[in-house]
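Heads up: the structure comes next, in structure tokens.
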Amino acid sequence: MKRKVIGSMILAGLGFASSQAMAVAPAPCSDPALVTAVSNLYTAADTVVDTANGGLGFPMWVTVVDNTGVVCSVVNSAGTSDEEAFSGVAWLGSRVISAQKANTANAFSHDKFALSTANLFSAVQPWGSLYGLQHSNPVDPAAAYYYEGEANSWGSGATDPLVGKRIGGVNIFGGGLALYTKVEGKSVKVGAIGVSGDTSCTDHVVAWKVRQALGLDKVPAGVAGNGKTDAMIQDVVGSNGNFRSKSGFGHVTCVNNPTDANDGGAIEGNKKK
């Protein structure tokens, strides 16, 4: 009798565990807000890149990952079949970097607090509070580089070979932002966006503007404060290897640094006193 009771309890427990596991495992990239964002990603990226963003004016790779780090879409602002994307006008190395940035912002942000990749620049320096973070969670080379398919599928959205994979990686300069929607009045992280292809400051500004265009900018809080949340904080000062960030989460300026007029509200501390 005891054996039957114990056996029934074990089976019931296994059944409960199985049902629980099924209940908390939604399909990758299936969040409704993320599905809508992915469908509008190329249009948003192409529109934003054509605005004033500082930097060099290069095409951009834009990657979106879901809340678990699975790549949902990869686009290039030069177009999915435009020869510009593969002729040396766009940096090919930036494609994987964009996925790496998206992974970083997603991995180190949550429903109550966001960190952009720009926020990590000073924090991971030898004098920073997160030194060594950049060596954690490395890019999975098998997921990032070993696949079948022609290069003309790169940046094609849902058919890019990176889609459906967790690329991993930790990137510590501008271009990665977590994506947030509102659910019952509260910010909820649904994934992240990574942008690469220009200066790191411009990458951040483009990511900021694209996130806003997608309506996934309901960020709860961040190190930048003053309503800027996960903004790029340009407060790094010093010289001759003696650099410091007043906030501890600062980022250096870049060539043709975005100005207050075209930064999309994304940069604090442009003006040094």
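Checking each residue in segment 1-41 for being part of a helix (DSSP H, G or I) and either in contact with a Phe, Trp or Tyr (Cβ under 9 Å, 6 or more places away or on another chain) or modelled with pLDDT of 95 or more (or both) picks out PRO32, ALA33, LEU34, VAL35, THR36, ALA37, VAL38, SER39, LEU41. In this structure, VAL89 does not qualify as at pLDDT 95 or above and surrounded by 13 or more Cβ atoms within 10 Å (Cβ to Cβ).
Across segment 120-157, the number of residues qualifying as closer than 16 Å to ASN76 by Cβ, in contact (Cβ under 8 Å) with a residue 12 or more places away in the chain and not polar (S, T, N, Q) comes to 5.
Cβ-Cβ distances below 7 Å connect the following pairs, each with a first residue in segment 91-109 that is within 15 Å of ALA192 (Cα to Cα), a second residue that is assigned to a helix (DSSP H, G or I), and a separation of six or more residues or different chains: VAL96/ALA144. Note on segment 220-245: residues that are assigned to a loop (DSSP other than H, G, I, E, B) and modelled with pLDDT under 90 amount to 6.
Candidates are the residues of segment 213-254 that are among the basic types (Lys, Arg) and farther than 28 Å from ASP66 by Cα; the one that is surrounded by the fewest Cβ atoms within 10 Å (Cβ to Cβ) is LYS246. Give me the residue from segment 104-118 that is out of contact with any strand residue (DSSP E or B) (no Cβ under 7 Å at 6 or more places or on another chain) and not basic (Lys, Arg) and, out of that set, nearest to VAL219 (Cα to Cα). Only one residue fits best here, namely PHE108. Remark: SER122 falls outside the filter, which requires a residue to be within 20 Å of GLN212 (Cβ to Cβ) and polar (S, T, N, Q).
Scanning segment 176-208 for residues that are within 14 Å of VAL48 (Cα to Cα) and either modelled with pLDDT under 95 or not in a strand (DSSP E or B) (or both) yields GLY197, ASP198, THR202, ASP203, HIS204, VAL205, VAL206, ALA207, TRP208. Restricting attention to segment 96-137, the residues that are surrounded by fewer than 24 Cβ atoms within 10 Å (Cβ to Cβ) and among the basic types (Lys, Arg) total 1. Of the residues making up segment 166-175, those that are in a loop (DSSP other than H, G, I, E, B) and either within 16 Å of PHE113 (Cα to Cα) or in contact with a strand residue (DSSP E or B) (Cβ under 8 Å, 6 or more places away or on another chain) (or both) are ILE167, ASN171, GLY174, GLY175.
The one condition from (1) surrounded by fewer than 24 Cβ atoms within 10 Å (Cβ to Cβ); (2) within 27 Å of PHE58 (Cβ to Cβ); (3) not hydroxyl-bearing (Ser, Thr, Tyr) that VAL210 does not meet is (1).
A single entry from LYS112, LYS101 fulfils the requirement of being within 22 Å of PRO32 (Cβ to Cβ) and at pLDDT 95 or above: LYS112.
Within segment 175-189, one or more residues are buried (at least 18 other Cβ atoms within 10 Å of the Cβ) and charged (D, E, K, R). Filtering segment 141-161 for residues that are under 16 Å from ASN106 (Cβ atoms) and either assigned to a loop (DSSP other than H, G, I, E, B) or hydroxyl-bearing (Ser, Thr, Tyr) (or both) leaves an empty set. Residues that are surrounded by 20 or more Cβ atoms within 10 Å (Cβ to Cβ) and not in a helix (DSSP H, G or I) occur in segment 42-54; there is at least one.
The values are calculated or read from the model by the stated rules, or taken from the named source; none is laboratory data. All values reported here derive from a predicted model rather than from experimental measurement. Virtual Cβ from ideal backbone geometry, glycine too; neighbours counted across all protein chains shown.
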